[in-house]
Amino acid sequence: MSKSDAELVESWRSGDIAAFELLIRRNFDRAWAIAISVTHDGDEAEDVCSKAFVRCWERRDQCKDPTKFRAWFATIVRSVAYNHIRGPANRKVVSIAEVQLRDPRGADRDTKIADIRSVLLSGMEQLTTKQREVLVLSDLEGLKHSEIATQLRLSETTSRKHLSDARKLMRDYLQKRGLDEL
């Protein structure tokens, strides 16, 4: 039977490096989703994730409630991401058109995927930070409003409002571009 995150945190604190590695593997997709929603750039998101993993390691004793490791870790990733984009070395502007996806099924598919990704990212840029975060945590991470509220320090009602507004804005944005069937 697989250990819970809380059990892995306790093992990690006792010196089990494999437990930390498993926690990171379990939570990588969440870290990536948070980082990309803030940075809008794959390379920057990788940097954020790497820095967040190091910060997590350094601050392992600050995780007061191991049963809430995921929320604690997400807070670290979010903090690192915002610090990263505010840093003077990271004020470069990367065009969404520079982001390329590779698909072995052909360049036409790569181009279509890149075009759709570009439109989606542009649409997300129209959202407020909180709307974007709630949308990512709900629709990409599958979190419930109670979990989102805890992570973002919002009420559940506010979380629901941000998600509703974000979905409406994205729907309108995509409809104007003829992509409302996504």
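Figure the gain on full extension for D43 and Y82 (residue separation times 0.36 nm, minus the Cα-Cα span) and round it to one decimal in nm.
Contour length minus the Cα-Cα distance gives 12.5 nm.
Taking R0 as 41 Å, what FRET efficiency do you get between A6 and Q175 from their Cβ-Cβ distance, rounded to the nearest 0.05?
E(calc), rounded to 0.05, equals 0.40.
Please state the charge dipole magnitude for segment 5-90, taken about the Cα centre, from unit charges on C-beta atoms (+1 on K and R, -1 on D and E), reported in debye and rounded to the nearest 20.
Approximately 320 debye in magnitude.
How far apart, in nanometres, would the label points at T157 and K64 be if each is projected 7 angstrom from Cα along the Cα-to-Cβ direction?
Each label point lies 7 Å from its Cα, and together they span 2.6 nm.
In percent, what relative contact order does segment 1-77 have, based on Cα pairs under 8 Å that are 6 or more apart in sequence?
That works out to 37 percent.
Ranked highest first by the average count of other Cβ atoms within 10 Å around their residues, in what order do 120-131, 68-79, 141-152 fall?
Peptide ranking by packing, descending: 68-79, 141-152, 120-131.
According to a simple spin-label model (label point 7 Å from Cα along Cα-to-Cβ), what is the distance in nm between D16 and L121?
Between L121 and D16, the simple spin-label model gives 3.9 nm.
Taking 0.36 nm per intervening residue step and subtracting the Cα-Cα distance, what contour gain separates S50 from T128 on full extension?
Extra length from S50 to T128 when fully extended: 25.5 nm.
Throughout, read-outs are computed from the coordinates displayed, never taken from laboratory work. All values derive from a computational prediction rather than experimental measurement. Positions of Cβ are generated from backbone atoms using ideal geometry, with glycine treated the same way; all protein chains shown enter the neighbour counts.
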